[in-house]
Amino acid sequence: MSNPTDTTTATTDAIRRAVDRARTAMTRMDSVGRGTARTRARIEEGLTCRVEDGRWSFTVDMPEKAGGGAHGPDPGVFGRTGLASCLAVGYAMWAAHEGVPVASVEVEVEADYDARPEYGLGEKPPGYDALRWTVRIESSAPDEAIDRVLAITEERSPWLALIRDPRELHRTVELRRPEGG
């Protein structure tokens, strides 16, 4: 039977090597690491939405009190999940890369919201009023090393950047009319 520390070390080494390989490839060839991700969401019935992205497929829905069927988590759950998991993965990845020992990482995201703007009520724009996250790390590393991992991750997090920095937005509409209509 293997020692859990050996498994953790092997995993940490594999993560470090993967990050180093990716960084080397991206440094050598500008096109590496660039692309377009595509996610498709289709309403199946009512507000129940089937989402597909590559090999992944899942259901998104609104709660019954919002007119949905509660057949899956609502979009807000997936947004918070995106942020929480992006940060958790980033902390673990950069800890491994920087050689900072980490036994566990947990990120809890809290979002203050006011749903009224989504329904055309009130003066403020829709979206969260505030986002907070708590990072729980188990590590024997000095505080300075943990602080460095947190800073690196938060500087490089695509989800934090998406929330923090403006992005270029484009909408394309493909309108189809019913035959004979």
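The values are calculated or read from the model by the stated rules, or taken from the named source; none is laboratory data. The shown structure was predicted, so the numbers you read here are calculated from the model rather than taken from an experiment. Methodologically, a virtual Cβ is constructed for each residue, glycine included, from the backbone with ideal geometry; neighbour enumeration extends over all protein chains shown.
Which residues, taken from the range 128-175, are farther than 24 Å from P75 by Cα, among the aliphatic types (A, V, I, L, M) and crowded, with 16+ Cβ neighbours inside 10 Å?
Those that are farther than 24 Å from P75 by Cα, among the aliphatic types (A, V, I, L, M) and crowded, with 16+ Cβ neighbours inside 10 Å: I137, A141, A145, I146, V149, L150, I152.
From the list G54, G82, exactly one residue is closer than 30 Å to I152 by Cα and touching a helix residue (DSSP H, G or I) at 6+ places or on another chain (Cβ under 7 Å). Which is it? Show your work before the answer.
Details: G54 fails: touching a helix residue (DSSP H, G or I) at 6+ places or on another chain (Cβ under 7 Å).
After applying the criteria, what remains is G82.
Cβ-Cβ under 6 Å, sequence separation 6+ or interchain: first residue in the range 82-101 and on the phi > 0 side of the Ramachandran plot and crowded, with 20+ Cβ neighbours inside 10 Å, partner in a helix (DSSP H, G or I) and at pLDDT below 95. Which pairs?
The qualifying pairs do not exist here.
How many of the residues making up the range 95-127 are closer than 30 Å to P75 by Cβ and touching a Lys or Arg at 6+ places or on another chain (Cβ under 9 Å)?
Number satisfying all stated conditions: 15.
What number goes with the only condition from (1) surrounded by 11 or more Cβ atoms within 10 Å (Cβ to Cβ); (2) of a type in the set (S, T, N, Q); (3) closer than 22 Å to E154 by Cα that T48 does not pass?
The failed condition is (3).
Is it the case, given these coordinates, that A66 is surrounded by 14 or more Cβ atoms within 10 Å (Cβ to Cβ) and over 11 Å from the mean Cα position of the chain (by Cα)?
Values: surrounded by 14 or more Cβ atoms within 10 Å (Cβ to Cβ): no; over 11 Å from the mean Cα position of the chain (by Cα): yes.
When the stated conditions are applied, A66 does not pass them.
Among (1) part of a helix (DSSP H, G or I); (2) closer than 27 Å to W56 by Cα; (3) in contact with a Phe, Trp or Tyr (Cβ under 7 Å, 6 or more places away or on another chain); (4) without any contact (Cβ under 8 Å) to a residue 60 or more places away in the chain, which single condition is E108 missing?
(1)
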